[in-house]
1. Go through the residues of the stretch A:640-656 one by one and say whether even a single one is outside any loop (DSSP other than H, G, I, E, B), open to solvent by 10 Å² or more (accessible area, probe 1.4 Å) and away from chain C (no Cβ under 12 Å).
2. Looking at the stretch A:37-49, I want the residues that are outside any strand (DSSP E or B) and have a partner that is of a type outside the set (Gly, Ala, Ser) and open to solvent by 50 Å² or more (accessible area, probe 1.4 Å) with Cβ atoms under 6 Å, at least 6 apart or on another chain. Which pairs are those?
3. Can you tell me which of A:741, A:666, A:695 is outside any helix (DSSP H, G or I), open to solvent by 10 Å² or more (accessible area, probe 1.4 Å), within 19 Å of residue A:628 (Cβ to Cβ) and more than 9 Å from every other protein chain (Cβ to nearest Cβ)?
4. Write out, first by first residue and then by second, each pair whose Cβ atoms fall under 6 Å of each other, whose residues are 6+ apart or on separate chains, and whose first residue, in the stretch B:266-295, is at the interface with chain A (Cβ under 10 Å from one of its Cβ atoms) while the second is among the small types (Gly, Ala, Ser).
5. Which residue out of A:491, A:499, A:532 is part of a helix (DSSP H, G or I) and within 14 Å of another protein chain (Cβ to nearest Cβ)?
6. Select from the stretch C:58-87 the residues that are within 26 Å of residue A:19 (Cβ to Cβ) and touching a Lys or Arg at 6+ places or on another chain (Cβ under 8 Å) and write down the one among them that is nearest to the other protein chains (Cβ to nearest Cβ).
7. Which one of A:637, A:683, A:626 is open to solvent by 10 Å² or more (accessible area, probe 1.4 Å) and either more than 9 Å from chain C (Cβ to nearest Cβ) or in contact with a Gly (Cβ under 6 Å, 6 or more places away or on another chain) (or both)?
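The values are calculated or read from the model by the stated rules, or taken from the named source; none is laboratory data. Bear in mind the structure is a predicted one, so any value in this text is a computation, not a measurement. Here the Cβ positions follow ideal geometry from the backbone for every residue, glycine too, while neighbour counts run over all protein chains shown. The area values use the complete protein model at the heavy-atom level, side chains included, leaving out ligands, DNA and RNA. Shrake-Rupley method; radii C 1.70, N 1.55, O 1.52, S 1.80 Å.
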Amino acid sequence: MSRTARDRETHAVGASVPRADGTPKVIGTARYVDDFPPMPGELFGLTVRSPVPRGLLNAVKFDPTFDWSDITVVRAEDVPVNVVALIAEDQPVLAARHLNHAYEPILLLACADKHKLLRAKQAISLDIEPLPPVLDPEAALQNAATIWGTDNVQKRYLITKGAADTPTPEDSLPAIDAALAACEVRVTGRYSTHHQEQLYIEPQGVIAWWDDKGVHATGSLQCPFYVHKAFLKAFGEDASRIHITQAVTGGGFGGKEEYPSIIALHAALLAKKSGRPVRMVYDRKEDIEATTKRHPTLCEIETGCDKDGTLRVLKMRVLMDGGAYVTLTPVVLSRGVLHAAGAYSWTDAHIEAAAVATNTPPNGAFRGFGAPQTIWAIERHIDKVARTLGMDPLDLKRKNVLTLGASTATGQVLHTSVAGVECLEKARAASEYDHKRALRSPPGSRKARGIGAAVFMHGAGFTGSGERYLKGKAAVDLLPGGKLLIRTASTDIGQGTETVFRQIAADAAGVPLANVDFAVPSTTVVPDSGPTVASRTVMVVGSIVESAARSVGDRVRAEQASSGGTYAEAADRLLAREGTVTSLLQYSPPDYVKWDDQRYKGDAYPCFGWACFIAEVEVDRDTFEVTVTDFWSATDVGKAINPVMCRGQIEGGALQAIGWALWEELVWKDGLIKNPRMTNYIVPTALDAPPFHTLLVEAPFSFGPGGGAKGIGELPMDGGAPAIAAAVEHALGFSLDDLPLTPERLFSKSLTKGASL
Amino acid sequence: MSIADLAHHSMWRPATLPELLTRLAERHAKTQSTILLAGGTDWVVEQELSPPHSDPAKLPLLADISRLEELRGIELTGSTLRIGAAATYLEMRRHPHIGQGDKRAALLARMAQDLGALQIQARGTLGGNLATGSPAADGVAALMAYDTTVVLQSTRGERKVPITAYQTGYKRSVREGDEVITAFEIDLPARYSWYWRKVGTRRAQSISKVALAAVAVVDSGKLTRVGLGMASVAPVTAPLQNTRTLLLSTPIADLTRDSLAAAVRSDCAPIDDVRSTREYREHCARVVVHDFCRQLGAPV
Amino acid sequence: MKLTLTINGAPREVEASPTARLLDVLRGPLALTGSKEGCGEGECGACTVLLDGDPVNACLVLAGQCEGREVITVEGLADGQSLTPLQRAFAEHGGAQCGICTPGMLVSATAYEKTHKSLVTLRESIAGNICRCTGYQRIVDSIERAGDADRTGTFGSVGA
């Protein structure tokens, strides 16, 4: 699917063309869901939620003195099939009896008058018998109380390599222990990460209504076909009677991957019962409390290496907190475990992972999808190995980073598009890492300076056989005048899909960029391209778009060659003759991708993006406040279709990771969130963000569109936190294994004797 | 979302201060409550967070005082700086005696720079900051450092209260229901040092975990005037009286880390909350006072 | 009741409660939905508008407080059919991604360009506007580039 020698006259790919949706966004006319004017008869909907993390709902009482005549009420028994369709089908649309987490939806209310709606909520009381909640994942793993399935375990994985890859699984653990025992240097560590809220600036929202064509939902969402499938299950309607449309979406980061199914189901249930259109838009508090977050994760690592720093043996245990329901946890854990070995070569590996249920709101998709958690652990651990050996951490990473021909923990032999070394060297040189690393902050100074690096890779596209099963589709239509219309379910949630797909299609068809349009992603109009997730949009769906556009362009040119005239005239002739000219194609992954889903072996991803992030910090020795003074990165994107947008992805992802490392923290008490507000959940402002120095590296992936593009969406989320921690560690001189690195935690740590490096 | 209540209030925009005081007195006599609304940067947020009122007819009256001329000016007369209670932080930052020009009250501008961001600075006022009664009020800390006098008016007349006597407990004050904070009066020393340090949750849009404002006049190695105000370490803004006494009674060269730390500890009673911990706040209170004294030349 | 204010250069009369939030009056009766609500508590800045030239959070200002005053929203930045250099730069240089912070960000950047350059730094001028997409670097670049742009003879198209 790479570009052929028939190079077209247009060259949109590689140019930082302006955003296709830029003008409406800068003049304020871009229509987000809550910007749609009210539909005739529209009601506003809200959700009554569980105030306890675990309990039994005995009764719902409605104040008889309140006037309920114009309030629509939906309860669990009103849901045709009370399941949110996803992986495990364990999550009800509305809780009927068992309450498994705080903020779990119990009933829905709608009213035309918002003010009355709020008072209606006050007029409801819930009779709940509280049960002791399981909030700690380790306690959940011990199965002290069973809150999910038979043992609280939502998913397990085991990856073995080398000595640990024994014929019988029972022998694997003793084998890896024996391999470790044989190593010259052994290092152990324990690393933890915390929740993170996506905090897209536009809260979740949906408008739903029913008419003679069926049910409609328009909302802020990443994956219209997820919502479609959820409606199919819950309402049992025919697929053709379900119409899900993406409104302009104000950020997602995974938070609008699976969650919108729930709010859309709620709005559609209220709409069905009331016979009126229903709008539901969460306020910030509800959005932070009730929607999914990044999975907290604990990793225990033991490694063995040679005295010269050659890494040999990795033994790792990963425990993720899935929250009350499964949502996408098995996939998140999978991506986490597949990135757990980091960007390094290991002879022997034993990585076991489990995700458990707790009575906390379900955790779900968030940019990076489990990988930032395990990469945090392995990067911190490699830095610890370097300290043990007395080596510079970046030297140790340089020595062991995966190169062409090396094999990953799943035994995937890398034979294309490998740029770890190049990224490392470029970032190292640009940041003057070696010089700065050798500097020591003057002891009397109130400010301690530090520099630290993270080296990492991120698999592009779905894991293993995912794309093969998914069969993502996209279409390109020929329009009058030779224009093209791209139809895909891949949504633009800010990352620039609309613009980049147009660039790819324009070059593939050989038409000017202005002649390519992008259809609003609506399940009635576009084919199922698969979800907008997993760093797959440009690399996977973009390559379908490229092939489809090329095919349409070729047909027009063939017509032009046979009967003459301009390109536009040939297109019009073709359309007049054939009615519609469309290329609808399905993705087929490169043939070489071989994956064993049972044994977790083989080509986990068709390729990886690579990066090295280097953070420079200044830490106030008095208050332990960290200032990120500069941030350097070299990131391999395969081919930058739109360099400005690539930089935007990298810098935005890096800042989310920096935020996660330094400031962002959900404060929990008894299963409830104590800081569900933007004033207390602290994301960085422009004054907190460092200047970003972003280098793009291009190691083309021959199956990627535009001459080799790879996925870039998640990669930058992986390296920010470990780079910051390495820099803060360098500045302060004590080791940091747990996130977040708030001043309070750094202060406590500074008091702990024996923490010094 | 209970913001929906807001539109059910009544708003009254008095044209003059006497009009405000008269109606306020009448309503107070009838025990009717009145919200004096200036920038709204705290009060409107509180409405956002509170449950809907059961009876919208009983909502308090909103008096918009944000444009009342008598509450707005900033003037320097001799050494007295008078700041209208409804002057905004942005106006202070732009003022030729505060943030610009001779910057005689530069501490106020520096404090204002750290307060929220421009959008909040364009609305927020010192009067609102004091009236709201938050212990995290940066503006009140700065006023305390200047030993500011609070001017209160009612139909009964005017009275002046030292800022340290204004707050009587968490969200409680000496202000009566018919009184309005009209202005702050600051006696500016001819020459002085000032200090501002905010330890916040981030660089902007940040609520103080600890903030210290200080004003000091030094004469021959001794402090002849010291004013201190510390945010977020006690139920009300802390004047750090024991620390102040220590500073006034000890030559700068004789100040020690331990004596300062003991004084600060006795002046503070911070708590754990969602923004920080008691231990961290105690630590920060100590280190910022040390830093201030270090800047004055103390060997700490 | 009727409120009179100047919106984007034109006097407007609007039927609204004076104690409604300015943001609700803009987005509701005035149908100016460019100003967004991200938090409702003056933290995110997505609702930033200019009130008599200074940026304010429209979620914290009551409509009655704006009686007789001038409000400029993102819809009022462009001059007729032309994008301002700032708007153009945001579309061209990565200042806008998902776009939800963009209206407020542009309003703050406009205030910086017009009135606050001598008072605050560029980053300080947008510190009250939270962006979760860009990491701010492309926004800073966009504002700097707009400042460098030739201010005359700009042509653009609106509402394509």
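1. no
2. A:41/A:276
3. On the way: A:741 fails: open to solvent by 10 Å² or more (accessible area, probe 1.4 Å); A:666 fails: within 19 Å of residue A:628 (Cβ to Cβ).
Testing whether each residue is outside any helix (DSSP H, G or I), open to solvent by 10 Å² or more (accessible area, probe 1.4 Å), within 19 Å of residue A:628 (Cβ to Cβ) and more than 9 Å from every other protein chain (Cβ to nearest Cβ) leaves just A:695.
4. Qualifying pairs under 6 Å: B:286/B:261.
5. Details: A:491 fails: part of a helix (DSSP H, G or I); A:532 fails: part of a helix (DSSP H, G or I).
None of the others qualify; the one that does is A:499.
6. Only one residue tops the list, namely C:58.
7. Details: A:637 fails: open to solvent by 10 Å² or more (accessible area, probe 1.4 Å); A:683 fails: open to solvent by 10 Å² or more (accessible area, probe 1.4 Å).
It is A:626.
This table checks each residue for (1) open to solvent by less than 10 Å² (accessible area, probe 1.4 Å); (2) touching a Cys at 6+ places or on another chain (Cβ under 9 Å); (3) β-branched (Val, Ile, Thr).
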{"site": "C:32", "(1), (2), (3)": "no, no, no"}
{"site": "C:46", "(1), (2), (3)": "yes, yes, no"}
{"site": "C:55", "(1), (2), (3)": "yes, no, no"}
{"site": "C:59", "(1), (2), (3)": "yes, yes, no"}
{"site": "C:66", "(1), (2), (3)": "yes, no, no"}
{"site": "C:71", "(1), (2), (3)": "yes, no, yes"}
{"site": "C:74", "(1), (2), (3)": "yes, no, yes"}
{"site": "C:84", "(1), (2), (3)": "no, no, yes"}
